[in-house]
1. Bin all alpha-carbon pair distances of the protein assembly as shown at 10 Å intervals from 0 and give each bin's fraction as a whole percent.
2. Mind grabbing the base-10 log of I(q)/I(0) for segment B:616-730 at q = 0.10, 0.19, 0.24 Å⁻¹? Debye formula, identical points on the C-alpha positions, no solvent, two decimal places.
3. Compare B:Lys293, B:Lys883, B:Lys504 by solvent-accessible area with a 1.4 Å probe and give them largest first, with all protein chains kept in place.
4. Could you give the radius of gyration (one decimal) and Dmax (whole number) of the Cα atoms in segment B:237-367, in Å?
5. Hey, with R₀ at 25 Å, roughly what FRET efficiency would B:Ala835 and B:Thr948 work out to, going by the Cβ-Cβ distance, to 0.05?
6. Just the Cα atoms of segment B:311-417, one point each, no solvent: what log10 I(q)/I(0) does Debye give at q = 0.10, 0.11 Å⁻¹?
7. Please compare each pair in A:Lys84/B:Lys473; B:Lys856/B:Lys916; B:Lys25/B:Lys324; B:Lys348/B:Lys545; A:Lys84/B:Lys610; B:Lys375/B:Lys514 to a cut-off of 29 Å on the Cα-Cα distance and tell me which ones are over it.
8. Considering every residue in B:697-705, what mean count of other chain Cβ atoms within 10 Å of its Cβ is obtained?
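The values are calculated or read from the model by the stated rules, or taken from the named source; none is laboratory data. Everything quoted here is computed from the prediction, not taken from an experiment. Here the Cβ positions follow ideal geometry from the backbone for every residue, glycine too, while neighbour counts run over all protein chains shown. Keep in mind that these areas ignore ligands, DNA and RNA; they rest on the heavy atoms of the full protein, side chains included. Shrake-Rupley method; radii C 1.70, N 1.55, O 1.52, S 1.80 Å.
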Amino acid sequence: MLLIHCPYCNETLPEVEFAYASEAHIARPTRPSETTDEDWAEFLFMRSNVKGPLYERWRHVHGCGRFFNAVRDTVTDKFLTTYKAGEPRPDLSSLTEGLK
Amino acid sequence: MSQYRVSGRGRVDTARPVTFTFDGKSYRGAQGDTVASALLANGVHLMGRSFKYHRPRGAIAAGSEEPNALIGTRRGSGRFEPNTRATVQEIWDGLETNSQNKFPSLKFDVGAVNDAAYMLFSAGFYYKTFMWPRSFWDKVYEPFIRAAAGLGVSPIEEDPDTYASRNLHCDVLIVGAGPTGLAAARAAAVEGLRVVLVDENPEAGGTLLSEPQARIDGKAAWDWLAAELEALKALGVKIMTRTTAIAYYHQNMIGLVEKLTDHLPKLPADTPRERLWRVRSKQVVLAQGALEKPLVFHGNDRPGVMLAGSAQTFLNRYGVLVGKRPVILTSHDSAWYAAFDLQDAGAKVQAIVDTRADVDALLQSEARARGIAVKLSHTATATSGRLRVSSLRINPVAGGTVGAAQDIRCDAVLMSGGWTPSLHLFSHTKGSLTWDDDRTTFLPEKTPEDCVIAGASRGLWGIGAALADGAEKGRAVAEALGKTGAQVAYAIEADRPGTGVSHKELPTDLSAGKAKAFVDFQNDVTAKDLRLAVREGMRSIEHVKRYTTNGMATDQGKMSNINGLNIASDALGKKQPQVGLTTFRPPYTPTSFGAFAGYHRGEHFEVTRKTNIDSWAEAKGAVFEPVGQWRRARYFPKPGEDMDTAVRRECAATRASVGIFDASTLGKIEVVGPDAVEFMNRMYTNPWTKLAPGRCRYGLLLGDDGYIRDDGVIGRMTEDRFHVTTTTGGAARVLNMMEDYLQTEWSDLNVWLTSTTEHWSTVALNGPNAAKLLAPFVEGVELTEEAFPHMSCVECTVAGMPARLFRVSFTGEIGFEVNVPAHLGQKLWDILWEAGQQYGITAYGTETMHVLRAEKGYIIVGQDTDGTVTPYDAGMGWAVGKKKPDFVGMRGLARPDLQAKNRKQLVGLLTEDGSKLEEGAQIVFDPKQAIPMTMVGHVTSSYDVGTTDQPIALALVEGGHGKMGETVYIPMPDRTIAAKITATVFVDPENTRLKI
Ligand SMILES: [Zn+2]
C-alpha cells in the first residue's frame, strides 16, 4: 500500500484515504462550445500514458476532501512529489535527480 | 525409539512422544517433529503421488520449499486443509493427516497409468491433447481435466476458525532468523532501534539448527543461539516465529502471516488461527538464505531421493536418519558434509559421487578417513526401486563421454546441485537481478525500496560469511536511520563454506527420449519437456514456463527455476541472462484465504447501511435487497404471497388509494452559496436561473462526454440553496464529480457542497389519497393544486417535525416526499401509517417502485442507461437547456457520433403474444437472418406485475424513435418473440392523475 502526502493536510497517510483522479494539468477549455472536435477529443480522451514520471491527480477523499496533484513514477510506483491544485508543474529533472 | 531415530541428535523431545495418523495408520513421533520428520523416523518415505503422472513421491526437502510431500490435515469438523507441506506441519496428539492424488491407495494407484501414457502428457499437452475430436470435449476431455486439475481436495465445510489482522510499525524488519538475520538484528538493536525479526520456522536459528558442529565466539552453535536470542529479547527485539513474510509491497510494507494454532493439540479459546500483520518498516533486511537445487537425472523423483542439505537437517534438527545406507550425489561441497554427518550418526554412506573432477583435497581426505568411497567425474543415469529407491546407477564421464554403468545399492540418494539464493521478496520490490557466472545463479542487484539483502540470499555461503554480512548490513541500515553503527565481529570455528557447479540435466548413456529427469517436481515437468518446448518454438523463458508449466505450481519454482533456466538456455544456445528469469510474485508460500479475509467475513464483509425505518420493515416481514451498501425493502409479502403477488397488490393499492415508501436512501447533496445557481447551471443539463425558490425540477447530470451519469429531483429551497437528490447508488460519485469541477475547474465559484444523505429520513406518499392523508399534518402550506402544485418544495412542519416537503412523483400518482431529520423518520412513518389506515395505506418496496415508474416511462440510470445513452437517446431532450453557454456534457453532445441518426434510443415494447420479455434480451429487426444475427438493441426493463393490461418493457433500439408501431424480434433459446415499438409512457400519458 502506498503512502501519500496530502499537501493540504501536510501529512503522509495510507493510500486507502485517497482516490486516484486521472492525469493532471489537463484543463477543461473555458469555452467548450468554441473548441473544434479535434481539440475536444484531445481534452476528453487523450492521455499521455507515460512509462516513468506521470503528472496525476489524487483526492484526499477520506480526509480533507481536496484534489491535489502528484508526480508518480509509473515504473517504480514511487511518488516523486505532491503539490496543491493550481500550482505549476514541478520541474522533472529536479525531482529525478536524487533517485536511486 | 523409532527405527530411524538417532539418540542424542536433534532438537526434538523424544521423552514426549506424540501420536498422529497418516492415511488412517497411527504413528509415533516426538514433540518438535514435523509430519515429515516423524514419518521418516518410522522409515516412511512414500508420502504422496505426483500431480500429473501419479508417481510415488516422498519428501525431497525439509522446509517450506517442499514440492512433493503435500498432505491434507484434519482437526474435527470444518477444520480440513489440503496441500499442507508435511515438512512444515508440526505434529500433535490426535492430528489426522492423509496423502493426496491417489486412488484407491497411496501404494497402489490407478492414475499411475498416466505415468505409462507419458507421451500424452509431455510439454504443452494441455494445448495439444485436448484439441480433437471436438465431440470428445464434453464427455471425455473436460471431465478428465476437471478430475485431474488442482492439488488436493477443497474443503467443503465452513471454516469455523477466526483470522485476525494487525498493523505494526518498526524501524527495521528482518526477514529470516538465521545467522545473517540474527547478526543484523543485533547490529540494529544495539543502536536502540525498534527491530522485528521474523522466521517461518517454529524456532529461530535457521542454518544454525542444522549445523550444531559450528562454534561461534567459543560457544557451541546451539548454546550461542540460545544466549543470543535471550540477549536480543533483552535489547527489545520482537522475535516472531511461525511467521512467514508472504509479500513485499510498496514503500516497505510487508505482509506477514503468523500461524498461531496449527501446531497446538488443543485450540485455545478466543485465539485466531492466523494473524495477518501489515508491517510498515523504515528499513528492511532480507535474510532468507538459499534453497538447495536438485540434480536432474532419470528417476530423481523416487522416494528416498532427497536434497542432501535436507537430510542433514532431518538428522541434526530432528534426530532422524533418512537412510541407513545413503549414497551422496553432488556437484557442491555442501553435500560432503551431509555425508560426514550421516556417517558419524551411524549410517553407512555407500559412496560420495561428485560430478566434478576437482574437489577440495581436505574433503576427500575426510571422506577417506571415514572409509567412504569417493567417485569423482561421475554422472547419475537412473535409480531403481518401486516405492523407495534401492539403487543408483552411476557412470564415469571422461572427455564428454559417458562410460560404463555401475549400480550402487542404497536406501537413500542425497543429492545437491548447489544453492539458489532466495530472491522472492527481493523480486517483489521490483529489485533487479544480475547473472553470476561463477555461481551459475542470479544475484540481487538494485531495489527501489529501503531494503538490503544479506547473507546467503546474495550468494555468500557459510555461517561466518552470513554473520559478517548480517552485522555489516545491520550496521548499514542503522546508519541510514541516523545512528553511528558499530562494527561487530564474530569468531567462527568448524564453519562449512563451500563451492560447487551448477548443471543442466546430467549426461547419460541411456536414451534421453525415455528419461524422466524431473525439474519441477510439483508440476511433473521433465528436462525433456523443456527441450521439447524449445524445439516447438518457445524462445522466451516466459513462454517455456507457460508451455511446460515449469515453476507454475504452488512452490513457484523454488527448486526448479535455475535448473529449468540452465536447460532452456542450453537448448536455445544462449546464455542464461539472455533467456531471463520468470517473475516471482506474492505470496512467498501458499497462504490461506482466511488470512487475507481476516475480519471481513459474514456480516462484517461489508457495512450494511440501514435507514431509520429499516426495523419497521423487518418487523413487517419485508424482503430486502442490497442497493449499493444500503439494504432496502424490496416488497412486503403477506402470508402466502410470493414476490409477484405482493408487488401486484402493492402496485394496485398505490394507484387506487395510497402507498407509503421509504425513500431515505436517495442521495442528497446540499448546494449552497452566492454562486449556487451558476454552479447548478454548469453542472446539470437543465436551466436553473429561472427556477423560483419553492419549486423543483428533474435534473439530468452528464459526463463531459455527453452521456447520462445520474438524475434526480432538485429543489431550490431559497435563492442560494439547492436540495439535490441523486440515485441511491450514485450519491458519492456525484458529490465527487461536483467537488472535482468546483475545486479544479471553477474555483471562481463561491459554493459549498455537503452530503446530506444521512441527515434526512425521506418518506414518500403516492396515490390519489396522498394529499388527503398528508394535509392534516402539514403546517405552513396548503396542499392544494394552487398553493402547492406539482414540483413544489417548501420548508414546513409535518406532524410537529421540521420538514422539507417536496411534491414530486416517481409513480405518476399524486406524490409527496417528506424529509425530516433522520432520527425522526420512524416517528413520522408511524403517524402516517396510523392515519393512513382509513385509506387502506399500503407499504411498498423497491420492486413496486420500479414497476410504477416504468409504467410512466421514468428511467433508472444504470438500468435503462448504460453509460452510452444521451438525453436525446433517452427521449429527454426537453431536460437540456439549449440557451446555456455551457454545462458539463454540452460540448460532448455536439460530437458527430452523438448526433448520428441511428443511435440506440429508448422506446417502449409490447409483445404480440402478451408474454413478458427478459431484461437484457437482445433485439433484432429480421428474425430470419443467418446466425450470428445483427443485434440492434436490448430490453432494459420488463414487468408483468403492474397495473397495465399486458406486460410492458423498455428497450434501447437503433433508431427506435423513428420506428413507432414497427415490429422487432427478440430471439430466445426456445422461440422468437415479436414486439411492437411504442412510446415509453404506458399509464396516463396526459398526467391527469398528478392533479389533486
Ligand atoms: Zn488532506
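1. 2, 9, 14, 16, 15, 14, 12, 10, 6, 2, 0, 0
2. Here the Debye-derived log intensity ratios amount to -0.44, -0.99, -1.25.
3. B:Lys883, B:Lys504, B:Lys293
4. Every Cα atom of segment B:237-367 included, Rg and Dmax give 20.3, 60 Å.
5. It comes to 0.25.
6. With no solvent term, the Cα-only Debye profile gives -0.26, -0.31.
7. In this structure, A:Lys84/B:Lys473; B:Lys348/B:Lys545; A:Lys84/B:Lys610 lie more than 29 Å apart at Cα.
8. Taking the mean over all residues of the peptide, I get 1.
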